[in-house]
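Colleague: One structure, as structure tokens, below. Some questions next.
The values are calculated or read from the model by the stated rules, or taken from the named source; none is laboratory data. Given the structure is predicted, the values throughout are model-derived calculations rather than measurements. Here the Cβ is made from the backbone with ideal geometry for all residues, glycine too, and neighbour counts use every protein chain on show.
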Amino acid sequence: MTRRILRILARGALAAACFSTAAGALAQATKPRVVIVATGGTIAGAGASATHSATYQAAKVPVDKLIAGVPELSQVAEVRGEQAFQIASESFTNEQLVTLAKRVSALSKDPQVDGVVITHGTDTLEETSFFLNLVLKTDKPVVLVGSMRPGTSMSADGMLNLYNAVVVAGSTDARGKGTLVVMNDQIHSGRDVTKRINIQTSAFSSQWGPLGMVVEGRTYWFRAPAKPHTRQTEFDIDQLGSLPPVYVVYGTGSMTPELYTAAAKAGAKAIVHAGTGNGSVPGYAVDTLKALRAQGLQVVRSSRVGDGFVLRNSEQPDDKYDWVVAHDLNPQKAKILAALALTRSNDSKELQRMFWQY
Ligand code: DGL
């Protein structure tokens, strides 16, 4: 009798073991495959001690160590890493931006990749996210993430930011929303987000609001992007070579028109004027900008004011001067769109159409 019972129990245990292995394999097979492309920044930074939350060296920790530092990633995705660059993001060049975009585009076409996370310095993260939002031709989630404190700091924010970014990149409900930025539990549009505070973990915000939140491994969506992005745009990174130089001149009281001629001498094909108020231009600088426009350089009026948008023909007769207004894009994003637009046309009316559209 006992031998028979033991035989039945053994079979039961074997069946249970087989089931859990199959379930495990199924779970493994159903986990999204996410590639983390690392570029540097504070999320890869290291400070001298746990109290150095703002004094540290960016771009020190390699991607494999970043991944090893968050073992919980394996619970939500099959993750692998690539080290694209190891730089502080203020040092990004147009060439590196294009190289990164081409790599992410290639990954997005790989059927073995369900989503991409890009770890990035926070200083120019919004420029990269806006650029990718315009040039990638994919519905797969591409999520940029950074941190405001290095991993060596007390209450470092990078680990949870990275975990949240991988959750979003592996989420089917994040598809088709354009490039996304995940910081501080929020999910932002890569177009709208900007770094507003340079020394808090709540550094990033969008004047039109975040798209959603990611909390304890789940995404919560509250709005969708209003502007065309990724597949919906006329820009394609796979057709793009290089970006023409565009420089920003910051508007203040008591400026000199020589700032604009210096930008032109440096090879600018467009100048973004980061004007006071509604993109205002000092009276003593108007003739210089009109002369540069007459030489073929494009003039784009943006504003140094964080929120709102620049209205055409408000502070300046843009129709008469043949200038462009940046709408709600801040100067650094206006620079990105102006450079991309110039790869398509040097007609100011076409540029203005793209600024209204994107
Ligand atoms: N040097 C800055 C950068 O790489 C550090 C800021 C950060 O990454 O948070 O953007």
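Colleague: Give me a count of the residues in region 61-112 that are of a type outside the set (Val, Ile, Thr), buried (at least 18 other Cβ atoms within 10 Å of the Cβ) and assigned to a loop (DSSP other than H, G, I, E, B).
Modeller: Final tally of qualifying residues: 3.
Colleague: In region 139-161, which residue that is polar (S, T, N, Q) and touching a helix residue (DSSP H, G or I) at 6+ places or on another chain (Cβ under 8 Å) is surrounded by the fewest Cβ atoms within 10 Å (Cβ to Cβ)?
Modeller: Asn161
Colleague: Further question on the same structure: Looking only at region 161-181, decide whether some residue is charged (D, E, K, R), touching a strand residue (DSSP E or B) at 6+ places or on another chain (Cβ under 8 Å) and farther than 22 Å from Leu337 by Cα.
Modeller: yes
Colleague: Follow-up question, since we're still on this one. Which of the residues spanning region 96-137 are within 16 Å of the ligand (Cβ to nearest atom) and of a type in the set (Val, Ile, Thr)?
Modeller: Val117, Ile118, Thr119, Thr122, Thr124, Thr128
Colleague: Please specify each residue of region 270-287 satisfying the condition of being buried (at least 20 other Cβ atoms within 10 Å of the Cβ) and β-branched (Val, Ile, Thr).
Modeller: Ile271, Val272, Val281
Colleague: A follow-up question, please. Would you pick out the residues in region 140-163 that are more than 16 Å from the ligand (Cβ to nearest atom) and either among the aromatic types (Phe, Trp, Tyr) or over 19 Å from Gln232 (Cβ atoms) (or both)?
Modeller: Met154, Tyr163
Colleague: Could you tell me whether any residue of region 258-268 is in contact with a strand residue (DSSP E or B) (Cβ under 7 Å, 6 or more places away or on another chain) and loosely packed, with under 14 Cβ neighbours inside 10 Å?
Modeller: The answer is yes; a qualifying residue exists.
Colleague: Here's something else I'd like to know. Keeping to region 194-216, report how many residues are within 16 Å of the ligand (Cβ to nearest atom), surrounded by 19 or more Cβ atoms within 10 Å (Cβ to Cβ) and over 15 Å from the mean Cα position of the chain (by Cα).
Modeller: The number of residues fulfilling the criteria is 1.
Colleague: What strands (runs of 3 or more DSSP E) lie completely within region 242-303 and have 3 or more residues being modelled with pLDDT of 95 or more and closer than 13 Å to Val324 by Cα?
Modeller: Once the strands (runs of 3 or more DSSP E) in region 242-303 are filtered for at least 3 residues that are modelled with pLDDT of 95 or more and closer than 13 Å to Val324 by Cα, what remains is 270-275, 298-303.
Colleague: Oh, and also: Of the conditions (1) exposed (fewer than 13 other Cβ atoms within 10 Å of the Cβ); (2) closer than 17 Å to Thr179 by Cβ; (3) basic (Lys, Arg), Arg191 fails just one. Which one is it?
Modeller: Going through the list (1) exposed (fewer than 13 other Cβ atoms within 10 Å of the Cβ); (2) closer than 17 Å to Thr179 by Cβ; (3) basic (Lys, Arg), Arg191 breaks only (1).
Colleague: Something else about it: Considering region 76-95 alone, what residues qualify as being more than 16 Å from the ligand (Cβ to nearest atom) and free of Cβ contacts under 8 Å to residues at least 60 places away in the same chain?
Modeller: Correct list: Glu78, Arg80, Gly81, Glu82.
Colleague: Considering every residue within region 118-138, establish whether at least one is over 26 Å from Gly241 (Cβ atoms) and part of a strand (DSSP E or B).
Modeller: yes
Colleague: Select from region 214-241 the residues that are in contact with a Ser or Thr (Cβ under 8 Å, 6 or more places away or on another chain), assigned to a loop (DSSP other than H, G, I, E, B) and of a type in the set (A, V, I, L, M, F, W, C) and list them in ascending order.
Modeller: Passing the criteria: Phe235, Leu240.
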